1. Which one is nearest to the chain's Cα centre (by Cα), of the residues in the range 148-177 that are at pLDDT below 95 and farther than 13 Å from residue 302 by Cβ?
2. Which residues, taken from the range 246-270, are under 24 Å from residue 301 (Cβ atoms) and surrounded by 22 or more Cβ atoms within 10 Å (Cβ to Cβ)?
3. Which residues, counting only those in the range 227-236, are in contact (Cβ under 8 Å) with a residue 60 or more places away in the chain, in contact with a helix residue (DSSP H, G or I) (Cβ under 7 Å, 6 or more places away or on another chain) and surrounded by fewer than 20 Cβ atoms within 10 Å (Cβ to Cβ)?
4. More than 9 Å from the ligand (Cβ to nearest atom) and within 30 Å of residue 305 (Cβ to Cβ) - does that describe any residue in the range 121-131?
5. If we scan the range 221-231, do we find a residue that is away from the ligand (no atom under 15 Å from the Cβ), under 25 Å from residue 172 (Cβ atoms) and not in a loop (DSSP other than H, G, I, E, B)?
6. Determine if the range 271-292 includes at least one residue that is crowded, with 16+ Cβ neighbours inside 10 Å, closer than 21 Å to residue 235 by Cβ and modelled with pLDDT under 90.
7. Can you find, within the range 35-81, the residue that is farthest from residue 116 (Cα to Cα) among those that are part of a helix (DSSP H, G or I) and touching a strand residue (DSSP E or B) at 6+ places or on another chain (Cβ under 8 Å)?
8. List pairs: first residue in the range 16-30 and under 13 Å from residue 134 (Cβ atoms) and touching a residue at least 24 places away in the same chain (Cβ under 8 Å), second residue near the ligand (Cβ under 6 Å from one of its atoms) and in a helix (DSSP H, G or I) anywhere in the structure, Cβ distance under 6 angstrom, at least six positions apart or on different chains.
Ligand code: NAD
């Protein structure tokens with residue numbers, strides 16, 4: 001029998017381990033799990049995340065935070081000992097980070113998955129099966145030209161000389177590994193391919209498009225749109241994504257399966273920038289920049305990225321609660337709060 005993660009009563013809280021728990025999505029997931037009555041351990045090495053993301057729940061009686069890296073086998077061994085479910089979100093994320101630190105990104109995105117799976121197998125062989133949620137990415141589809149991507153579609157990467165494909169390829173290896181442990185040992189794994197996830201706490205520092213646009217518009221600068229801006233993406237609110245993750249972990253039929261998770265409503269990056277401008281600073285105009293000026297010479301982008309969510313909807317009740325304009329408004333308000341807090345900290 002697998003151990004299913006449930007929102008149990010506070011008297012017998014189950015224990016979830018969230019790797020990357022101080023990151024953008026991880027911090028929201030930690031809050032959601034705590035709200036569901038679980039005991040939560042958040043581990044993070046603060047390479048891109050910040051403990052400030054957990055400020056609202058700091059000191060919570062069911063929260064433990066661990067400053068450490070899941071590339072370290074001894075740390076992972078200690079962390080999984082007492083866990084009833086593991087959510088693996090720690091990773092090196094963002095096109096900018098892959099361009100700046102290509103070796104580190106690949107290592108960070110593969111090694112922890114191998115370590116986690118082998119530790120979880122040991123636990124299972126000792127009589128305690130623990131479910132693993134693996135955060136994968138729409139990047140695994142690469143540049144597949146289909147209009148909508150379903151989980152069984154081909155992965156279509158560019159050449160290894162183009163570093164940007166290493167992120168999707170590393171996530172694909174993670175998926176292969178997790179599915180191999182499931183096939184060979186019935187280790188309970190659930191794989192979620194996140195499409196563009198957005199919301200408060202996401203930083204624009206590593207190339208994420210919505211916070212980058214918002215940062216510039218709030219600072220009174222023209223938002224920069226790469227190429228012609230006709231490339232499309234689908235943006236989902238982090239809270240809708242975290243609910244889907246927890247619901248998948250509660251669904252026995254999700255074990256050993258891969259799911260697209262996100263929004264299936266495409267919007268062009270030009271339109272996204274226009275909506276940010278009209279919400280925050282209508283006098284501004286978009287500034288266009290070529291990929292060549294923005295990224296290394298070998299950079300290739302993906303023109304269209306839309307998930308087919310049929311499998312997700314068949315498996316869980318999935319009704320996103322946030323539309324794009326509401327998300328943009330929330331991100332702008334959050335950014336204003338962060339900026340004014342930073343100014344008052346500087347003044348005091
Ligand atoms: P993030 O950078 O905010 O979060 C990742 C966290 O992992 C950071 O806090 C970082 O410090 C931590 N981390 C990295 N390596 C670590 C290590 N070795 N040990 C411990 N902590 C480590 O990014 P995010 O957007 O919250 O992404 C979370 C997950 O979702 C990642 O696996 C990412 O690949 C996946 N994902 C995100 C998106 C998105 O749109 N944000 C899309 C697809 C997939």
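1. Ranking the qualifying residues of the range 148-177, first place goes to 166.
2. Within the range 246-270, 260, 261, 262, 263, 269 meet the criteria.
3. Once the filter is applied, which keeps residues that are in contact (Cβ under 8 Å) with a residue 60 or more places away in the chain, in contact with a helix residue (DSSP H, G or I) (Cβ under 7 Å, 6 or more places away or on another chain) and surrounded by fewer than 20 Cβ atoms within 10 Å (Cβ to Cβ), the range 227-236 yields 227, 230, 231.
4. yes
5. Yes: the range 221-231 contains one or more residues that are away from the ligand (no atom under 15 Å from the Cβ), under 25 Å from residue 172 (Cβ atoms) and not in a loop (DSSP other than H, G, I, E, B).
6. no
7. So the residue we want is 57.
8. From residues that are under 13 Å from residue 134 (Cβ atoms) and touching a residue at least 24 places away in the same chain (Cβ under 8 Å), the pairs are 18/26; 20/26.
The values are calculated or read from the model by the stated rules, or taken from the named source; none is laboratory data. It should be emphasised that the depicted structure is a prediction, and the values quoted were computed from it without experimental measurement. Neighbour counts are summed over all protein chains in view; Cβ atoms, including those assigned to glycine, are modelled from backbone coordinates with ideal geometry.
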